[in-house]
Amino acid sequence: MSALDTEAPAWETSKENAAPRKKGRDVAKLNRAFGAAPDDDAAIRHHEAALSTEGDDPLQAFTTYAAYLEQHRPTDALAAFELRERCCRAFRDDERYKNDARYVQMWLDYADNLQDPDDLFKFMKKKKVGLQSAAFWCAWALRSEERGHVKNAAELYKKGLEKGALPTEMLTAKQAAFEARA
């Protein structure tokens, strides 16, 4: 029996269909997602219903749903993109989430799917979303640097430090790495 006769794990035969993630993926969950596809309509209905219920922390329903889509529906990048957009719109004027790490990350994940997120970063700044988050300033600076706007990237790191974005160690480390590249 040759190596070709053995059955490959579901992930190995379908990995080109999974949207890449910076944080990577759990292979066991991918194998389940690509294996005998369970009917997840009930789970989707559950998550959608959770979005419409009022509670102490309505953002949690969005973050839980986004995590579910990433792990259990890796080929449905559009659904994850649309969910992030809905979340960003839903709380953009909600003061309690302006610097919540989960909300800022939702915006940054949304920005990762845009070809030119500069207008989105400017909108976030205008709405004061993430101004105290080092992740916001680092993401914006990195995207500016990628597009060749090195001077703007340097200014963004500086602004983040001036605003007292946290964690400061993250911002200074990313700034030092940037300066070593520039």
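In summary, helices (runs of 4 or more DSSP H) completely within the range 96-149 and bearing 2 or more residues that are more than 11 Å from the chain's Cα centre (by Cα) occur at 118-126, 134-146.
Evaluating LYS127 against the criteria (1) touching a Gly at 6+ places or on another chain (Cβ under 9 Å); (2) over 22 Å from ILE44 (Cα atoms) leaves one unmet condition, (1). Scanning the range 38-68 for residues that are of a type in the set (A, V, I, L, M) and loosely packed, with under 11 Cβ neighbours inside 10 Å, we see that the one that is modelled with the highest pLDDT is ALA49. If the condition is being more than 15 Å from GLY130 (Cβ to Cβ), open to solvent by 20 Å² or more (accessible area, probe 1.4 Å) and in contact (Cβ under 8 Å) with a residue 12 or more places away in the chain, then the range 82-117 contributes GLU85, ARG86, ALA90, ASN113, ASP116. Is at least one residue of the range 159-179 open to solvent by less than 40 Å² (accessible area, probe 1.4 Å) and among the hydroxyl-bearing types (Ser, Thr, Tyr)? For the range 159-179, residues open to solvent by less than 40 Å² (accessible area, probe 1.4 Å) and among the hydroxyl-bearing types (Ser, Thr, Tyr): absent. Return yes when LYS125 is at negative phi and open to solvent by 80 Å² or more (accessible area, probe 1.4 Å) and no when it is not. Here the answer is no, as LYS125 does not meet what is asked.
The values are calculated or read from the model by the stated rules, or taken from the named source; none is laboratory data. Being a predicted model, the structure only gives us computed values, none of them experimental. Cβ: placed from backbone, ideal geometry, glycine included. Neighbour counts: every protein chain shown. Just the protein is used for accessible areas: all its heavy atoms, side chains included, with ligands, DNA and RNA removed. Shrake-Rupley method; radii C 1.70, N 1.55, O 1.52, S 1.80 Å.
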